[in-house]
1. Separation between the MET200 and LYS133 pseudo-spin-labels, each 7 Å from Cα along Cα→Cβ, expressed in nm?
2. Quick one: if you take sqrt(5λ) for each eigenvalue of the C-alpha gyration tensor of segment 139-231, what semi-axes come out, biggest first, whole angstrom?
3. Between ASP155 and ILE88, take the C-beta separation as r, use R0 = 41 Å, and let me know the FRET efficiency to the nearest 0.05.
Amino acid sequence: MAGGPGATGGRSAGDAGGDGSVGSNGTGGAGAVGTGAGGQGGGDNDPARVAMARTDGGRSGVDAIAADADAAAERRGHVDTGHSGVQIDRDEKSVTLDGFLPTTLGMGEGQFEFDRFTLSNDVKTKLDVISEKLETAPYDRLYITGYSDRIGDSDYNQKLSEKRAWAVAGYLMDKGIPPEKFKVEGKGETNSLVAGGECMVLRRAELIQCLERDRRVELHATIKEYNLKVK
């Protein structure tokens, strides 16, 4: 069943997603991406799909570029110690951007709507500030991790969490942040922020609202530092 413009994706109800949503039953409506048994549907302007395409196929392309960045970071601190008694310690430290990182998108500045990966205007405003600071900040890696709530099929939620992460990655790329520094992944419904005893025996609408904290994308950046010791 295909969703029309403005339809809402119903993960367990079998409806397909509308504008900016993820359909659960194969073919998406206008601008939607179907992730069910029917394969990948949806419009060409889907921001998550565009972001993945711009990085040579999504995760594999970014991971390959990131591996090169890691190798470059290693070379910056590499010394052929041999038997010279030289030891190099490497430490990966967080980059805070004056308190803007690490951060969670989707909490406090406009939640991700149920079954959607569209970025709210408040999230975009926060990303604008972060992108400006990243332009001048020293860092080696920016981790972008998406999550979903637990409603519906776990495989579907995994794909939805990836699309939320890629929506953020695509927005940052549009702001000029180099994708070779990205580590983009989705972790589905894992690492829930909702305690086990919460959201029990609720009607569907109440459950969706109760689990809104889990519909999020987390950002943090790191830089490698080296310490050379002569023994």
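1. So the label points at MET200 and LYS133 sit 3.9 nm apart.
2. The three semi-axes for segment 139-231 are 33, 17, 10 Å.
3. 0.45
Rule-based calculations on the coordinates, nothing more; no lab input. Given the structure is predicted, the values throughout are model-derived calculations rather than measurements. When we count neighbours, we look across all protein chains shown, and the Cβ atoms used for this are built from the backbone with ideal geometry, even at glycine.
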